[in-house]
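Presented below is the structure to which this report refers.
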Amino acid sequence: MSKLIHDLPFAEYLALDRLSSSGLKALARSPAHYRHAVMTPSKPSPAQALGTHVHGLILEPETYRFAVVPECDRRTTIGKGVYAAFVDASKNADVIVTQDQWDEAQAMRDAVMAHPYARALLAGGKPEVTALWSEQGVDCKARFDWLPDGYEILVDLKTAQSASPEEFARSAHKYFYDYQACFYGMASEACGLGKRSMVFIVVESEAPFAVALYMIDDEAMESARYKIDELIEKYDECKRTNSYPGYSQEIEILTLPRWSR
């Protein structure tokens, strides 16, 4: 049964044994990479940690819990005491950041909210909405960054080194953002919201913290849907056979890219 869930803790969402957008991205590399990603989640990189912090400040300012590491010399008795008290007081924090990271994240938040279209999309809505549905008999899940009021779209917030069209297009290809946008559109349609397009709000992680908004073109979305259908079939076969192979078991003929010639 398809449904939307509000306020589902992220840890519980991760524990759901369903195919997700991130799972699709790993599966596109190989079933072995998918299995590894599920069984051994990687530790967030500094860039991912910053993204999580910015998400919390912008999308969940009233409930997001963070802690800023105090400036203290932990080599001294006083500094050790200050830091120990901080660790004890911040046990329930979602993210722990330095003062510099906090200042940077605040600047990124301010830049996003200063953008007229971004501010309008984020003016009203619900954060971190979970969608559960089945596709081709496969249980799937998605988690919308932001489900805006008054707009029939989905919003996804990204942090990036560059928000320029050229650089973000490269990132979109590298990180399969077309798969994400298509998969989330499938989720919204299955859950009764209509087939919604996704708007990416992209904010740069360095001054001047420029912001840009993007949607992926129809041709890329059609191609992504075709590939997603294939990956769902592959996922279903892997689950049924409990087999998660890596790359081809055969000796393949390798064709070098045109730019190498």
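The values are calculated or read from the model by the stated rules, or taken from the named source; none is laboratory data. For clarity, every value in this text was computed on a predicted model and none was experimentally measured. Here the Cβ positions follow ideal geometry from the backbone for every residue, glycine too, while neighbour counts run over all protein chains shown.
Among the candidates Asp110, Asp145, Asp139, which residue alone is over 18 Å from Ala224 (Cα atoms), part of a strand (DSSP E or B), out of contact with any strand residue (DSSP E or B) (no Cβ under 6 Å at 6 or more places or on another chain) and modelled with pLDDT of 95 or more?
Asp139
Can you tell which of Pro31, Pro44 is closer than 19 Å to Phe176 by Cα and either at pLDDT 95 or above or in contact with an Asp or Glu (Cβ under 6 Å, 6 or more places away or on another chain) (or both)?
Pro31
Tell me, please, whether a residue that is under 23 Å from Glu60 (Cα atoms), loosely packed, with under 11 Cβ neighbours inside 10 Å and under 31 Å from the mean Cα position of the chain (by Cα) can be found in region 108-121.
Within region 108-121, one or more residues are under 23 Å from Glu60 (Cα atoms), loosely packed, with under 11 Cβ neighbours inside 10 Å and under 31 Å from the mean Cα position of the chain (by Cα).
Anything in region 211-239 that is part of a helix (DSSP H, G or I) and hydrophobic (A, V, I, L, M, F, W, C)? List them, or say none.
Selection gives Ala220, Met221, Ala224, Ile228, Leu231, Ile232, Cys238.
Being of a type in the set (Gly, Ala, Ser) and under 30 Å from His6 (Cβ atoms) is true for just one of Ala207, Ala190. Which residue is that?
Result of the check over Ala207, Ala190: Ala190.
Can you find, within region 27-36, the residue that is surrounded by the most Cβ atoms within 10 Å (Cβ to Cβ) among those that are under 15 Å from Lys239 (Cα atoms) and under 17 Å from the mean Cα position of the chain (by Cα)?
Leu27
Just one of the numbered conditions (1) crowded, with 21+ Cβ neighbours inside 10 Å; (2) under 25 Å from Lys227 (Cα atoms); (3) not acidic (Asp, Glu) is not true of Leu132; which one?
All conditions pass for Leu132, except number (1).
For every residue, the table says whether it meets (1) closer than 20 Å to Gln161 by Cβ; (2) in contact with a helix residue (DSSP H, G or I) (Cβ under 6 Å, 6 or more places away or on another chain); (3) free of Cβ contacts under 8 Å to residues at least 60 places away in the same chain.
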position: Leu50; (1), (2), (3): yes, no, no
position: Pro61; (1), (2), (3): no, no, yes
position: Val68; (1), (2), (3): no, yes, yes
position: Gly79; (1), (2), (3): no, no, yes
position: Tyr83; (1), (2), (3): no, no, yes
position: Val87; (1), (2), (3): no, no, yes
position: Ser90; (1), (2), (3): no, no, yes
position: Gln99; (1), (2), (3): no, no, yes
position: Arg109; (1), (2), (3): yes, yes, yes
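Six or more apart or on different chains, Cβ under 7 Å: which pairs go from a residue in region 5-27 that's touching a residue at least 24 places away in the same chain (Cβ under 8 Å) and polar (S, T, N, Q) to one that's crowded, with 17+ Cβ neighbours inside 10 Å and not in a loop (DSSP other than H, G, I, E, B)? Could you list them?
Every condition considered, the pairs that remain are Ser20/Lys141; Ser20/Ala142; Ser21/Ala142; Ser21/Tyr179; Ser21/Gln180; Ser21/Phe183; Ser21/Tyr184.
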